[in-house]
Amino acid sequence: KPVPGNEGKTQSEILRRVASGDDGFYHLETKEPVFENGNYRLNFHGRVTIPSVKNYQLTPVSNINDIVCQFGKVGDDRFHLDYRRPMNCFQAFAIALTQFAL
């Protein structure tokens with residue numbers, strides 16, 4: 001959503017505000033996989049069945065166990081996308097599209 005007061009600000013100034021948590025920005029990052037049995041894995045609790053470099057989970061910086069969005073492969077051309085607040089459908093879908101070279 002547009003945030004008042006960003007007009008004329010540089011990108012680095014806005015990113016500093018995001019990192020500090022000011023003005024209701026929500027900073028998410030990709031959850032790092034854990035190394036188990038010779039492979040790197042993310043726990044999708046059964047929602048994702050095929051390992052892929054396209055699989056990801058987004059979490060707040062402050063709590064890596066609080067998954068806000070996850071995307072993963074379940075078939076040759078099939079994927080699951082799960083999201084919840086504060087992310088909306090448009091944001092989750094737009095982020096998922098970045099996983100493909102269109």
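What follows is calculated from the coordinates using simple rules that are stated; it is not laboratory data. Just so it is clear, the structure is predicted and the values come from calculations on it, not from any experiment. Note: ideal-geometry Cβ built from the backbone for every residue, glycine included; neighbour counts use all protein chains shown.
Odds and ends about this structure:
- Theoretical gain in end-to-end length, V53 to F25 [0.36 nm per residue, Cα-Cα removed]: 7.3 nm
- The GNM of the chain, with springs linking C-alpha atoms under 10 angstrom apart, assigns the highest mean-square fluctuation among Y40, Y26, Y83 to Y40.
- Of (1) -0.26, -0.45; (2) -0.35, -0.57; (3) -0.41, -0.62, the label for log10 I(q)/I(0) by the Debye sum over Cα atoms at q = 0.10, 0.13 Å⁻¹ derived from the coordinates: (2)
- In the chain, lysine pairs closer than 27 Å at Cα, eight or more apart or cross-chain: 6
- Taking a sphere under 9 Å around the Cβ of V68 and counting the other residues whose Cβ falls inside, with K and R at +1 and D and E at -1, yields a net charge of +1.
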